[in-house]
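What follows is a short report on a single structure.
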Amino acid sequence: MSFARLARTACNIRTLPSAFTQISARNVHTTGASITEAKVSPGSTVNWSANSIDLVSRLREQQKYYATVVIKGRPFTVTQNDIVVMDRIKDLELGDALALNQVTEIGSQDYTIKGQPLVDPSLFRIEATVIEHPDGKLFTVTKKKQRTAGQKTTYHRNHYTMLRISKIDVNKL
């Protein structure tokens with residue numbers, strides 16, 4: 001592998017995203033209605049307007065929700081009981097429960113709340129459980145030198161983590 005390619009792959013490796021620090025404008029997409037709040041520092045409470053409370057209560061009345069969750073820098077659109085296959089997270093054991101709070105969008109068939117960039121974590125609760133750590137299929141990599149008998153065969157296998165989304169709820173304001 002060339003140095004330039006190695007440097008490009010090293011730049012693509014990401015760790016778990018840092019915690020959400022500021023709340024900016026939120027949008028609930030229904031017939032032109034939107035939730036907008038002032039920026040608030042973390043740890044303080046948000047004073048929701050009556051319009052915002054009404055729109056979130058309309059979303060709560062829906063039966064099924066979906067969410068776009070960011071895990072290890074990659075977005076996944078999930079619903080309840082979905083299975084997410086992602087790159088291995090070594091710190092997790094089978095049966096561990098995760099609270100996913102990096103959400104860019106949450107909604108239902110009729111209503112959607114979009115974050116800029118993330119939705120306020122006090123609006124929802126999403127839980128996932130680790131169900132398996134499977135290994136991917138075996139790749140054979142053969143390297144051959146030109147005009148010689150030299151040949152080298154190596155093998156590579158990707159490792160994954162499987163999560164089951166056990167709960168998606170919209171909290172009451």
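The values are calculated or read from the model by the stated rules, or taken from the named source; none is laboratory data. In this text the structure is predicted, and so the values were computed from the model without any measurement. Cβ sites come from the backbone with ideal geometry, for glycine too, and all protein chains shown count toward neighbours. Ligands, DNA and RNA are stripped out before the accessible areas are found, and what is left, the full protein with its side chains, is counted by its heavy atoms. Shrake-Rupley method; radii C 1.70, N 1.55, O 1.52, S 1.80 Å.
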Give me the one-decimal nm value for the distance between modelled label points at ASP110 and LEU92, 7 Å along each residue's Cα-to-Cβ direction.
3.4
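With Cβ to Cβ distances under 13 Å as the rule, what net charge do the other residues near ARG58 carry (K, R +1; D, E -1)?
-1
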Under 21 Å Cα to Cα from LYS143, which lysines show up? Leave out anything in the same chain fewer than 8 places away.
LYS152
Please list the three semi-axes, largest first and in whole Å, of the ellipsoid equivalent to segment 59-121, using sqrt of 5 times the eigenvalues of its alpha carbon gyration tensor.
23, 14, 10
Mind checking segment 75-165 for GluC sites (Glu not before Pro) that DSSP puts in a loop (not H, G, I, E or B) and that have at most 11 other Cβ atoms within 10 Å?
GLU93
Straight-line reach check, LYS72, cutoff 24 Å on alpha carbons, 8 or more apart in-chain or any other chain, hits among lysines -> LYS90, LYS114, LYS137, LYS167
For ASP135, what accessible surface area do you get with a 1.4 Å probe? Give it in Å², rounded to 10.
90
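Using a probe radius of 1.4 Å on heavy atoms only, what accessible surface per residue do you get for segment 60-126? Whole Å² is fine.
Value returned for segment 60-126: 57 Å² of accessible area per residue.
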Note the full-extension length gain between ALA99 and SER57 as 0.36 nm times their separation in residues minus their Cα-Cα distance, in nm to one decimal.
12.9 nm
So which trypsin sites (Lys or Arg not before Pro) in segment 78-155 are both in a DSSP loop and have at most 10 other Cβ atoms within 10 Å of their Cβ?
LYS90, LYS145, ARG147
Within the under-12-Å Cβ sphere about SER166, not counting SER166, Lys/Arg +1 and Asp/Glu -1 give a net charge of -1
